[in-house]
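Undergrad: Let me begin by handing over the structure; questions about it come next.
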Amino acid sequence: MTSIQYITTHSNRVRKKHKKGRLYTLSIIYIACLGMLGGFTHKVHGELLDVEKDELTFGFIKLTDCAPLVIAKEKLFFEEEGLDVKLEAQANWKILLDRVISGELDGAHMLAGQPIGATIGFGTQAHIITPYSLDYNGNGITVSKELWERMQSNDEALKSPTPKHPITADSLKPEVEARKTKGDTMRMGMVFPVSTHNYEIRYWLAAAGIRPGYYLDIASGAIDTTGTTDADVLLSVTPPPQMPATLEAKTIDGYCVGEPWNQQAVARGIGVPVTTNYDIWKNNPEKVFGVTSQWAKENPNTIIAITKALIRAGMWLDEQDSSGVYKNRHEAARILSRPEYVGADYAVIKNSMTGYFYFQSTDKRPMPDFNVFFNHHASYPWYSDCVWFLTQMRRWGQIPQSKSASWYHETAKKIYRPDIYMAAAKHLMEEDYMKKEQLPAIDEDDTWAGYRPPTNDFIDGNQYDARKPIEYINSFKIGIKEEIQLSKQ
Amino acid sequence: MKDEAFYRWITFLKKIRFGWLAPFFLLLKGEDPKTQCKAIFSGVMMPIFSILLFLWIWDLASKEIVTKFGTVPGPRQVWSAWKSLGNETRLERIKALEHQHRAREKRIVSAKKYKEVLNNFPGEMPTGLLSPGTEDALSTSSDAFQQANELLEVYNKISITLSKEEAQSVAALFQYETSRQYAEKVIQQALPLEIRHRERVEALRMAPEWNPSPDDPDKVVESKSALKKSESKKLAREKAILLIERQRYATEATKAAYALITSLPKSVRTLLAQSDKSASKLYPELKAWHENLLAEEAATGVKYAGKVKLKMLVKAFEYKPYPGKDTYFAQIATSLKTVFFGFCIASLIAIPIGIICGLSPNMNNAINPLIQIFKPVSPLAWLPIVMILVGALYVSDDPMFELSFLNSAITVALCSLWPTLVNTSLGVSSTDKDIMNVAKVLKLGWYKKVTKVIIPSAMPLIFTGLRLSLGVGWMVLIAAEMLAQNPGLGKFVWDMFQNGSSETLSMIMVAVFTIGIIGFMLDTIMLSLQELVSFD
């Protein structure tokens, strides 16, 4: 069929249907063609994305780092993308993940390790992806008053209202050993087996030569889901809001948790935060926004629209005035303190959100980067962050088999999706909401695009180069060791 | 005759558990005042007296107990928390209205923006994309919303300012007269309390006893504990009063804001309503148009440009409810719905099985061990099983029920099954022998015997069972909702507990009273039904 014939038959059909004149039909085709041409040159400015699903439910846990989600809703960034979002507080991380997998929730505020753990099949198996990293830092390790006094007696330097930071676990070690000879093992709380807190408290303890326990018996290969094989300190899961109460009940001697639960221990006078994760690893990834890979496939435009709104929320949260003070954090704290969101008292949330942290009631320190939502490219999903979690999972035996270096990189690319982030950023730049400088400079042709440069901003000064995961795993004194030839595979 | 009706009314009152009203009626009727007064005293005064006594003791005790969250809330704080829940509902309503307002704005913008696109498509263009006058009406209501938001903002801003001067400068910031006036009022009445409290806290923190030198640890402990005793109670009490006071102002602010929005001139309201109406009419028309176009495109293969824009326009005209949080009252409704659903499932299973068990001793012996084993199982044990099974079996793309709803309802059903089952079987098996003999003599068929003789005579016991079941179900529900994330009262309690704020305890107490009162009402209803079906 020639094109002329085609147009004629087509216009006949159109004419039959609408009973209009031939001129009208032709003009439609003409306009349609023009429109198509125009479509290619049309700037997307101010045009909404054609979202597949516009009524969404997201889950979150009552922690201050769910802020980007709350802000995107309350400041109407979601609505401006044509999304009607409902936020639902969840009882714990397990329920949250299960509900995302079952489809009751479209997406959720997740621990950075959750999409990774789920995808590689540690715990519940499901392919979860993350296009947006919600924040950096924001956790602390708190020990009970009694333990703090023991630590002080082991290290004179700590006997000050404002001791020098960072505080390592060195002064804890004699106490751990003393307890062990008494036949009693020290207990500490963390939030979830694949949570940042677990790896952080392990890192902190292991850096001082205290073994936090493996998820695997290295000799026999037997799997231990409690992660207490060979442990000097027993780590157990406690939901964040119950941490202070559990500490007070002396079930645990310390814990690693996000805000506001460290500040609450200070406010209630039951514990002393000894370190924040900013000291353990400067600008470490903390929470991410996760959806199932299936969901992202079915809703390609929606996920970009969500990411757009989240980026705008992150930018709003980290907006600074000329003197570097966060402009909107007070308002954010007020919104977060509503009972349907985090719900803790405004005064408690304000502390960490506005860049202060009480280590003791006498020791208030400015911590401007305690919560970073957007600055330092905190919202970009770096592959290297994913690789770090994978190396820690291997280090402690959550990944029972040896893996080659290439597996780490491929897995990271399956879970972290900077392509979605960049697509959203492109839209935002076209709409003038975002400037190019606000994006990390990524050279797409580079094999290692999306990897942060090597860093030794760790409490033990150990260097982390995400490009060499096997070497990194082997660099720890405490931890599972790998065959070096795996790094070539 | 009239007397007979009156006494029937009195018996009825007693049956529906309003017997305490009877003495009043009898008194009006002119019965012996002394007996009636006695009845009123014991039936009405005594309960009121005991409630008052309870409140008084609670009030006294609450002031003395200081937890790490502050004082234990007394009746006044719980009352203020209850009011704050009403306040939240009002805020949600304001938000929903704003959402509706933005939808209107969006429609106007889209209609203007895409009018040209519309002209390029085949077919008759729907009329009435823009109703005349709507734009003006919208800008009037925009003003109202802005003013209302300012009122709320005044409250928020002032409640975190530290000094009177600061508060006054905040007040001056506001554009509208109403918000400025309101600000002045808050400054005059509530702020001094707040500032005084803050000064006290600050003074205490600065006091040398609070931050003693670590050289003399004994002195530290001594002085601190002394201070704690005298000051922390005082502070906690002060804070409690402050919270109540603040709540009062928050309530007032939302009330005023809501009034502003809803008091738009009538002409404006009519215009807006008209615009909503025409939009809701237009939506199916636009949608059909869009779908026609897509169908035609699929048939002819010619692609229309600007189709996406048309879709966006259609979307702008779609009505969507405000995706807000569940208010307390919505949560109560969810809980009631869940418990009734679970209760109905339980009854539908328990009554037939109970009848069968009651009719045949063999069946009864067969099923009895199962009943005895499953009856004492706690909902917390059922729930994980139910969650896993329902999650696996109830798979649908467009589910009629939320999973969390089904999980809690089925757990309720599993736990509340047993009292009905046991009582039904007991009721059926203890049918009067004489009646059964009569049925035999009349040569009634099996079906007639069951429906006409056995069930009616077992009715009182069946209802006793149902009543116990509903009570168990309501109790179980709260636990089930906590874990299953069903958005009802259980989730409310759990969320509040997780908040860990100064309002946590009073909010949970509000929930406790709500649960108690609703449970009491459900029981009363079932009891009256039971009385009404039993024929004496």
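The values are calculated or read from the model by the stated rules, or taken from the named source; none is laboratory data. None of these values were measured; they are calculated from a predicted model. Glycine gets a Cβ as well: all are built from the backbone with ideal geometry, and neighbour counts include every protein chain shown. Only protein heavy atoms, including side chains, enter the accessible area calculation; ligands, DNA and RNA are left aside. Shrake-Rupley method; radii C 1.70, N 1.55, O 1.52, S 1.80 Å.
Undergrad: Just one of B:Lys115, B:Lys83 is out of contact with any Gly (no Cβ under 8 Å at 6 or more places or on another chain), at pLDDT 80 or above and in a helix (DSSP H, G or I); which is it?
TA: None of the others qualify; the one that does is B:Lys83.
Undergrad: Failed condition for A:Lys481, given (1) of a type in the set (Lys, Arg); (2) open to solvent by less than 30 Å² (accessible area, probe 1.4 Å); (3) modelled with pLDDT under 90, with all others met?
TA: Of everything listed in (1) of a type in the set (Lys, Arg); (2) open to solvent by less than 30 Å² (accessible area, probe 1.4 Å); (3) modelled with pLDDT under 90, A:Lys481 misses just condition (2).
Undergrad: Could you list, in sequence order, all residues of segment A:75-105 that are more than 10 Å from chain B (Cβ to nearest Cβ) and open to solvent by 10 Å² or more (accessible area, probe 1.4 Å)?
TA: Those that are more than 10 Å from chain B (Cβ to nearest Cβ) and open to solvent by 10 Å² or more (accessible area, probe 1.4 Å): A:Lys75, A:Phe77, A:Lys94, A:Leu97.
Undergrad: Quick one: which of B:Gln175, B:Gln181 is open to solvent by 20 Å² or more (accessible area, probe 1.4 Å), in a loop (DSSP other than H, G, I, E, B) and under 25 Å from B:Ala259 (Cβ atoms)? Steps first, answer last, please.
TA: Values: B:Gln181 fails: in a loop (DSSP other than H, G, I, E, B).
It is B:Gln175.
Undergrad: Working only within segment A:439-470, note down all residues that are within 28 Å of A:Asp419 (Cα to Cα) and either touching a helix residue (DSSP H, G or I) at 6+ places or on another chain (Cβ under 7 Å) or among the aromatic types (Phe, Trp, Tyr) (or both).
TA: A:Leu439, A:Pro440, A:Trp448, A:Gly450, A:Tyr451, A:Arg452, A:Tyr464, A:Asp465, A:Ala466, A:Lys468, A:Pro469, A:Ile470
Undergrad: While we're on this one: From B:Thr334, B:Thr270, B:Thr338, grab the single residue that is polar (S, T, N, Q) and within 14 Å of chain A (Cβ to nearest Cβ).
TA: Values: B:Thr270 fails: within 14 Å of chain A (Cβ to nearest Cβ); B:Thr338 fails: within 14 Å of chain A (Cβ to nearest Cβ).
Selected residue: B:Thr334, the only one of B:Thr334, B:Thr270, B:Thr338 that is polar (S, T, N, Q) and within 14 Å of chain A (Cβ to nearest Cβ).
Undergrad: Here's a follow-up. Taking the criterion of being out of contact with any helix residue (DSSP H, G or I) (no Cβ under 7 Å at 6 or more places or on another chain), without any contact (Cβ under 8 Å) to a residue 40 or more places away in the chain and more than 11 Å from chain A (Cβ to nearest Cβ), would at least one residue in segment B:302-310 satisfy it?
TA: No: zero hits.
Undergrad: Given the options B:Lys375, B:Lys452, name the one that is assigned by TED's automatic domain parsing to the domain that holds B:Gly471, among the basic types (Lys, Arg) and more than 30 Å from A:Ile95 (Cβ to Cβ).
TA: B:Lys452
Undergrad: Additional query: Any residue that is basic (Lys, Arg), surrounded by fewer than 18 Cβ atoms within 10 Å (Cβ to Cβ), part of a helix (DSSP H, G or I) and outside the structural domain of B:Ser110 (by TED's automatic domain parsing) - is there at least one of those in segment B:332-354?
TA: Yes, there is a match, as at least one residue in segment B:332-354 is basic (Lys, Arg), surrounded by fewer than 18 Cβ atoms within 10 Å (Cβ to Cβ), part of a helix (DSSP H, G or I) and outside the structural domain of B:Ser110 (by TED's automatic domain parsing).
Undergrad: Could you grab me the full set of residues in segment A:440-468 that are open to solvent by less than 50 Å² (accessible area, probe 1.4 Å) and touching a residue at least 12 places away in the same chain (Cβ under 8 Å)?
TA: Of everything in segment A:440-468, those that are open to solvent by less than 50 Å² (accessible area, probe 1.4 Å) and touching a residue at least 12 places away in the same chain (Cβ under 8 Å) turn out to be A:Pro440, A:Ile442, A:Gly450, A:Tyr451, A:Thr455, A:Phe458, A:Ile459, A:Asn462, A:Tyr464, A:Ala466.
Undergrad: In segment B:488-500, what count of residues is obtained for those that are surrounded by fewer than 24 Cβ atoms within 10 Å (Cβ to Cβ), aromatic (Phe, Trp, Tyr) and touching an Asp or Glu at 6+ places or on another chain (Cβ under 9 Å)?
TA: 1
Undergrad: From the list A:Ile210, A:Ile201, A:Ile129, which one is in a strand (DSSP E or B) and open to solvent by less than 10 Å² (accessible area, probe 1.4 Å)?
TA: A:Ile129
Undergrad: Further question: Need the failing condition index for B:Leu60 against (1) open to solvent by 80 Å² or more (accessible area, probe 1.4 Å); (2) under 20 Å from B:Lys239 (Cα atoms); (3) under 26 Å from the mean Cα position of the chain (by Cα); (4) away from chain A (no Cβ under 14 Å), just the number.
TA: (3)
Undergrad: Additional query: With the condition kept exactly as written, say whether any residue in segment A:109-121 is under 21 Å from A:Gln242 (Cα atoms), open to solvent by 10 Å² or more (accessible area, probe 1.4 Å) and not in a helix (DSSP H, G or I).
TA: The answer is no; no qualifying residue exists.
Undergrad: Which of (1) under 30 Å from B:Ala256 (Cα atoms); (2) open to solvent by 70 Å² or more (accessible area, probe 1.4 Å); (3) at pLDDT 90 or above does B:Arg76 not meet, given it meets every other one?
TA: Unmet for B:Arg76, out of (1) under 30 Å from B:Ala256 (Cα atoms); (2) open to solvent by 70 Å² or more (accessible area, probe 1.4 Å); (3) at pLDDT 90 or above: (3).
Undergrad: Scan segment B:359-373 and tell me whether some residue there is buried (at least 21 other Cβ atoms within 10 Å of the Cβ) and either out of contact with any strand residue (DSSP E or B) (no Cβ under 6 Å at 6 or more places or on another chain) or within 29 Å of B:Val510 (Cβ to Cβ) (or both).
TA: Pass one, segment B:359-373, residues buried (at least 21 other Cβ atoms within 10 Å of the Cβ): none.
Checked against the condition, which is being buried (at least 21 other Cβ atoms within 10 Å of the Cβ) and either out of contact with any strand residue (DSSP E or B) (no Cβ under 6 Å at 6 or more places or on another chain) or within 29 Å of B:Val510 (Cβ to Cβ) (or both), segment B:359-373 yields no hits at all.
Undergrad: Select from segment B:483-507 the residues that are within 13 Å of the chain's Cα centre (by Cα) and part of a helix (DSSP H, G or I) and list them in ascending order.
TA: B:Leu489, B:Gly490, B:Lys491, B:Phe492, B:Val493, B:Met507
Undergrad: Has segment B:401-410 got at least one residue that is open to solvent by 50 Å² or more (accessible area, probe 1.4 Å), within 14 Å of chain A (Cβ to nearest Cβ), out of contact with any Pro (no Cβ under 7 Å at 6 or more places or on another chain) and outside any helix (DSSP H, G or I)?
TA: Yes, some residue in segment B:401-410 is open to solvent by 50 Å² or more (accessible area, probe 1.4 Å), within 14 Å of chain A (Cβ to nearest Cβ), out of contact with any Pro (no Cβ under 7 Å at 6 or more places or on another chain) and outside any helix (DSSP H, G or I).
Undergrad: Would you be able to tell me the number of residues in segment B:473-487 that are under 13 Å from A:Gln90 (Cα atoms), open to solvent by less than 10 Å² (accessible area, probe 1.4 Å) and not acidic (Asp, Glu)?
TA: Counting residues in segment B:473-487 that are under 13 Å from A:Gln90 (Cα atoms), open to solvent by less than 10 Å² (accessible area, probe 1.4 Å) and not acidic (Asp, Glu) gives 3.
Undergrad: Look at A:Lys308 and say whether it is touching a residue at least 40 places away in the same chain (Cβ under 8 Å), surrounded by fewer than 24 Cβ atoms within 10 Å (Cβ to Cβ) and basic (Lys, Arg).
TA: Numbers: touching a residue at least 40 places away in the same chain (Cβ under 8 Å): yes; surrounded by fewer than 24 Cβ atoms within 10 Å (Cβ to Cβ): no; basic (Lys, Arg): yes.
For A:Lys308, the condition - touching a residue at least 40 places away in the same chain (Cβ under 8 Å), surrounded by fewer than 24 Cβ atoms within 10 Å (Cβ to Cβ) and basic (Lys, Arg) - is not met.
Undergrad: Could you name every one of the helices (runs of 4 or more DSSP H) located completely within segment A:365-439 that has at least 3 residues being surrounded by fewer than 19 Cβ atoms within 10 Å (Cβ to Cβ)? Walk me through it before giving the result.
TA: Details: elements: A:383-395, A:405-415, A:418-430.
Fully inside segment A:365-439 and qualifying: A:405-415, A:418-430.
Undergrad: Take segment B:310-327 and flag every residue that is open to solvent by 50 Å² or more (accessible area, probe 1.4 Å) and either farther than 23 Å from B:Asn292 by Cβ or among the hydrophobic types (A, V, I, L, M, F, W, C) (or both).
TA: Across segment B:310-327, the qualifying residues are B:Pro321, B:Tyr322, B:Asp326.
Undergrad: Further question on the same structure: With the structure loaded, tell me whether B:Ala458 is more than 19 Å from the chain's Cα centre (by Cα) and surrounded by 21 or more Cβ atoms within 10 Å (Cβ to Cβ) or whether it fails that test. Steps first, please.
TA: On the way: more than 19 Å from the chain's Cα centre (by Cα): yes; surrounded by 21 or more Cβ atoms within 10 Å (Cβ to Cβ): yes.
For B:Ala458, the condition - more than 19 Å from the chain's Cα centre (by Cα) and surrounded by 21 or more Cβ atoms within 10 Å (Cβ to Cβ) - is met.
Undergrad: What helices (runs of 4 or more DSSP H) lie completely within segment A:242-359 and have 3 or more residues being more than 30 Å from A:Glu79 (Cβ to Cβ)?
TA: Answer list for segment A:242-359: A:243-248, A:261-267, A:277-280.
Undergrad: Take A:Ile252 and decide whether it is open to solvent by less than 10 Å² (accessible area, probe 1.4 Å), of a type in the set (Val, Ile, Thr) and assigned by TED's automatic domain parsing to the domain that holds A:Met151. If you could, list the steps in order and put the result at the bottom.
TA: Working: open to solvent by less than 10 Å² (accessible area, probe 1.4 Å): yes; of a type in the set (Val, Ile, Thr): yes; assigned by TED's automatic domain parsing to the domain that holds A:Met151: yes.
Against the criterion (open to solvent by less than 10 Å² (accessible area, probe 1.4 Å), of a type in the set (Val, Ile, Thr) and assigned by TED's automatic domain parsing to the domain that holds A:Met151), A:Ile252 qualifies.
Undergrad: Same structure again: If B:Thr431 satisfies all but one of (1) assigned to a helix (DSSP H, G or I); (2) away from chain A (no Cβ under 14 Å); (3) touching a Gly at 6+ places or on another chain (Cβ under 9 Å), what's the number of the condition it fails?
TA: Among (1) assigned to a helix (DSSP H, G or I); (2) away from chain A (no Cβ under 14 Å); (3) touching a Gly at 6+ places or on another chain (Cβ under 9 Å), B:Thr431 violates only (1).
Undergrad: Across segment B:341-375, which residue is farthest from the chain's Cα centre (by Cα) among those that are of a type in the set (S, T, N, Q) and farther than 18 Å from B:Asp432 by Cα?
TA: Going through the qualifying residues, I end up with B:Asn362.
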